[in-house]
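In what follows, a structure is listed as structure tokens, so that the remarks can point back to it.
The values are calculated or read from the model by the stated rules, or taken from the named source; none is laboratory data. No experiment lies behind these values; they were computed from the predicted model shown. Cβ coordinates were reconstructed from backbone atoms using ideal geometry, including for glycine residues, and neighbour counts include every protein chain displayed. The protein model used for the area step is the full one, side chains on, heavy atoms only, and it has no ligands, DNA or RNA in it. Shrake-Rupley method; radii C 1.70, N 1.55, O 1.52, S 1.80 Å.
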Amino acid sequence: MKIFTFLFSVSLVSSTVVFSQVNQNNTAKATYTKEIITVDGLLNESSWKTADVIAKFTQRELNEGEKPTELTEVRLLYNYDNLYVGVWCYDSNPNEIISNSLERDFSYWLDDNFEIILDTYFDKRNGYLFITNPNGARSDALVTDEGNGINTNWNGIWDVHTTITSEGWFAEIIIPFTTLKFYNKNSQTWGVNFERNIRRKREQVLWKAWLRNYELEKLSQAGELHGIENIKNKTLIELKPFVVGGIQKGYEPYDFENTSTTKIGLDAKYSLTSSLTLDATINTDFAQVEADQEKINLTRFPLFFPEKREFFLEGAGIFTTQFGGMIYPFYSRRIGLNSARQLIPIYGGLRLVGTSNKSNLGFLTMQTAEKYGEPTTNYTVARLKQNVLESSYIGFMATNKQSSFAYNRFLGVDGLWTNSNIFGNNTLVIGGAFGTIISPSVKSDNLAYRFYVDYPNDLIDYFIGITAAQKNFNPEMGFVARNDFNKFSSQLKIQPRPEISFVQYLQFKPFELDYYYDRQGALQSLYYEGRPLGFSTESGEFFEFNIQRTADRLNEEFDILDGIIIPSGLYWWTNYEIQFETNSSHSISGALFYRWGDFYNGKRDVISFEIVGKINKHLQIAADYTRNYITLPKGKFTTHEIASRINYNFSTMFSTSLFAQWNNEDKEINFNFRLHWIPSLGSEVYLVYNELLDSQERILKPEVAVIQLKGVYYLPLKI
């Protein structure tokens, strides 16, 4: 406890010194214009000259609190339909601007970029994030709980055009008010903040919230946007009818049938109120979704695959809870996919998300068809998050999976308390969750809970928490990495920034501990990691060396792969690990991971590397490889996993990608080619080709090939 108090004191002194530098001018103003603004990146309309200038940015990196090395200016205009953002990113050496991306939802952290976040309800916790780069590429996200939830798969309707000149790069952004939700008031007050990143210098500047303990998403520290008056949330119906046509060809001797399919469906969005949106989907289709990257599972527990389907990703932040990464009461991949990840047709569904007063609401219901031995099933989840205090909430969640044969329900409560000004400008978070399962087959041992305290700051990052799930806690609409456990977790990271010429920061991890035990207190598993040394350079390289100590009790023998058995018992082992990454903004970048040491009653070496080549703004190539070499008393084996991706982007509206992967467990090569064309904002065309090749006999044999064409038409209706 004395050590923790000392660390808090050190953090208090350092943050108090920086706090005295904070600029207190907290207001930006948008200017009304009757002039027609042509969004072309030229910024030559007369209205831009009369708009208020926002120019007082401050460095967050590399030199916290100092003036930027390059000038940035922002101006805001609006009419009754749109918000316009003008951005002047002056640059003394524009030939060195880094901008390699064109595609939608680009990897913005690799390029020079400009970001704007809007807190339209002025609740100081939730907002819309818009990002562009010097090429005019677009990325956006929905931010919840000051960045605790960031949904990067939200695609709003907005546009941007840019120009690059001898003075720098410039952006003209249009955000229709129909893209945003806000209260119907004569005079709007929104939260707002801006960020610019200059990649070659690794310089990050913000208008507000520029302390390293904060981020752009820290909306409680954002500025205020005034001046927008007499705009209304227009009732908008967005219709997206779609048609899909496809052909599947099977090859002997795999007994696949040759089939053709045609599918017509509809996605619709309706603004019930200025802050509540109802979505409907009929004959739901996800033909455009990229394939999962396959992994060889060398653990006793199931693998977690991220959701990629747009309908489930939009508004997903409302359904996150404080259970953390071990327990997900709602896991949307349970809908329309079985345990073997085969597609189950979805008849349709409804989703309601939005805000009412100080409450965030979420409701989703979907009906799936009967297939692969599974009956037609309804999946429903309801969520309420009630905002309390400045940045905290208490929430409730209920899920129900129901068929004609059985049901499985989850009921839970969670909460989060955040203080961003403790011990100066440090953040302290306290969270917790509690839930239970209701099912005809479950009578007891059906509870789970988590409670934690987190101090996530730049110099000192400390976490302590407990998590538990009883043996019958099995939310069938969720994901549980393991059950019948109690876990104590704690982690301490120290990240000083000494004045060493090439070092951005040093990083030490005295401990990271996950201790699993049963009801009687007996050890189930243990994971410890210490980091004697880690550092990031000012030029963008990162290195860390870790020492790991692991324990695992096997109550029954473990068939790890291909009939190689590890007997039951308690095992302890030690590993050593090195990780190294180069600056990912460079035209050629890479990462290396190497771990060696013991593994249960044997030995294990793991090596993994990734290489990324950004040839130009159109062409990018990436490849990664992972090898495990494991020696055990019952046998030895080597695993290989290879994946490669090629992206070619003709423009910000037309892109292609090829993803290929192989591993020596499945012994199949999986090709996934996707063409994505945006003929107009909101409308999309996808061409997707998938092929599976058998490589078991070192002669590639085609198993199945599928080609699908999908067209989506965007039809907005104002009423």
Based on the Cβ-Cβ distance of Ile264 and Asn338, what FRET efficiency does E = 1/(1 + (r/R0)^6) give at R0 = 25 Å, to the nearest 0.05? 0.50
Determine the distance separating the Cα centre of the stretch 106-145 from the Cα centre of the stretch 40-65; give it in Å without decimals. 16
What are the extents of the Cα atoms of the stretch 612-684 along their three principal axes, listed from largest to smallest and rounded to whole Å? 61, 24, 16
Less than 25 Å apart at the alpha-carbon level, and either on another chain or at least 8 residues along: which lysines does that give for Lys124? Lys29, Lys56, Lys181, Lys185, Lys208, Lys218, Lys232, Lys234, Lys358, Lys385
If you take the charge dipole of the stretch 240-285 about its Cα centre, with +1 on Lys and Arg Cβ and -1 on Asp and Glu Cβ, which of Leu278, Leu266, Gln248 is farthest toward its positive end? Leu278
Looks like the stretch 238-313, by Cα gyration tensor root eigenvalues a ≥ b ≥ c and the a/c under 1.5 rounded cutoff (else prolate when a/b is bigger than b/c, oblate otherwise), is oblate
Under 24 Å between alpha carbons, and skipping anything fewer than 8 positions from Lys710 in its own chain: which lysines qualify? Lys240, Lys249, Lys263, Lys269, Lys308, Lys371
Dipole-positive endmost among Val353, Ala369, Pro329 within the stretch 319-389 (Cβ charges, Cα centre): Val353
Could you state the per residue volume, in Å³, of the convex hull enclosing the Cα atoms of the stretch 34-101? 142
Please identify the trypsin sites (Lys or Arg not before Pro) of the stretch 404-474 that satisfy two criteria: DSSP loop assignment and at most 15 other Cβ atoms within 10 Å. Which are they? Lys443, Lys471
So the label point goes 7 Å from the Cα of Tyr347 along Cα→C-beta, right? Which residues of the stretch 363-389 then have their backbone N under 11 Å from it? 366-370, 376-379
Determine the dipole magnitude for the stretch 113-207: charges of +1 sit on the beta-carbon of Lys and Arg, -1 on that of Asp and Glu, nothing else is charged, the reference point is the Cα centre, and the result goes in debye to the nearest 20. 140
Nearest 20 debye, what's the magnitude of the dipole of the chain about its Cα centre given +1 on Lys and Arg Cβ and -1 on Asp and Glu Cβ? 1360
Where the accessible area of the chain is counted over protein heavy atoms with a 1.4 Å probe, how much of it, in %, is carbon and sulfur? 56
Treating the beta-carbon of each Lys and Arg as +1 and of each Asp and Glu as -1, no other charges, what is the dipole magnitude of the stretch 571-685 about its Cα centre, to the nearest 20 debye? 140
For the pair Ser403 and Thr165, the simple spin-label estimate (label points 7 Å beyond Cα toward Cβ) gives in nm 6.4
Residues with beta-carbon under 11 Å from that of Ile54, excluding Ile54: net charge, scoring Lys, Arg +1 and Asp, Glu -1? +2
Which net charge results when you count Lys and Arg as +1 and Asp and Glu as -1 among the other residues whose beta-carbon is under 11 Å from that of Tyr527? -2
Under a cut-off of 14 Å between alpha-carbon atoms, report the aspartates and glutamates in cross-link reach of Lys493, not counting same-chain residues fewer than 8 places apart. Asp454, Asp458, Asp461, Glu512, Glu529, Glu544
Glu224 paired with Phe508, simple spin-label distance in nm, labels 7 Å along Cα-to-beta-carbon: 4.4
How far apart, in nm, are the 7 Å Cα→Cβ label points at Ser501 and Tyr254? 5.8
What is the spread of the Cα atoms of the stretch 80-120 along each of their three principal axes, largest first, in whole Å? 38, 24, 17
Please give the calculated 222 nm ellipticity per residue for the chain, where each DSSP H segment of at least 4 residues contributes -39500 (n - 2.57) and the sum is spread over every residue; nearest 500 deg cm²/dmol? -1000 deg cm²/dmol
Between Ser568 and Lys308, take the C-beta separation as r, use R0 = 35 Å, and let me know the FRET efficiency to the nearest 0.05. 0.40
Shape call for the stretch 266-364 from the C-alpha gyration tensor, a ≥ b ≥ c root eigenvalues: rounded (a/c under 1.5), prolate (a/b greater than b/c) or oblate? oblate
How large is log10 of I(q)/I(0) for the stretch 295-422 at q = 0.11, 0.14, 0.15, 0.19 Å⁻¹ when the intensity is taken from the Debye formula with one equal scatterer per alpha-carbon? -0.46, -0.72, -0.81, -1.16
Net charge over other residues, Cβ less than 9 angstrom from the Cβ of Leu76 (K, R count +1; D, E count -1): +1
Low-density loop chymotrypsin sites (Phe, Trp or Tyr not before Pro), the stretch 130-193, at most 16 other Cβ within 10 Å, DSSP non-H/G/I/E/B, are Tyr183
Short version: what are the Cα gyration tensor semi-axes of the stretch 178-326, square root of 5 times each eigenvalue, largest first, in whole Å? 40, 27, 16
When every alpha-carbon pair in the stretch 511-645 is counted, what percent end up more than 24 Å apart? 46
Alpha carbon centre of the stretch 628-688 versus the stretch 240-264: separation in Å? 21
Would you please name the chymotrypsin sites (Phe, Trp or Tyr not before Pro) within the stretch 419-465 that are DSSP coil residues with at most 14 other C-beta atoms within 10 Å of their C-beta? none
Cα-based radius of gyration of the stretch 369-419 once divided by 2.2 N^0.38 Å, which approximates compact folds: 1.66
With N residues in the stretch 643-719, what two-decimal value do you get for its Cα radius of gyration over 2.2 N^0.38 Å? 1.46
Any idea which of Tyr571, Thr631, Ile173 is furthest toward the positive side of the dipole for the chain, if Lys and Arg beta-carbons carry +1 and Asp and Glu beta-carbons -1? Tyr571
Rounded to two decimals, the Rg over Rh value of the chain from Cα coordinates and the Kirkwood Rh reads 0.95
Using the Kirkwood formula on the Cα atoms of the stretch 198-282, what hydrodynamic radius do you get, in angstrom to one decimal? 19.3
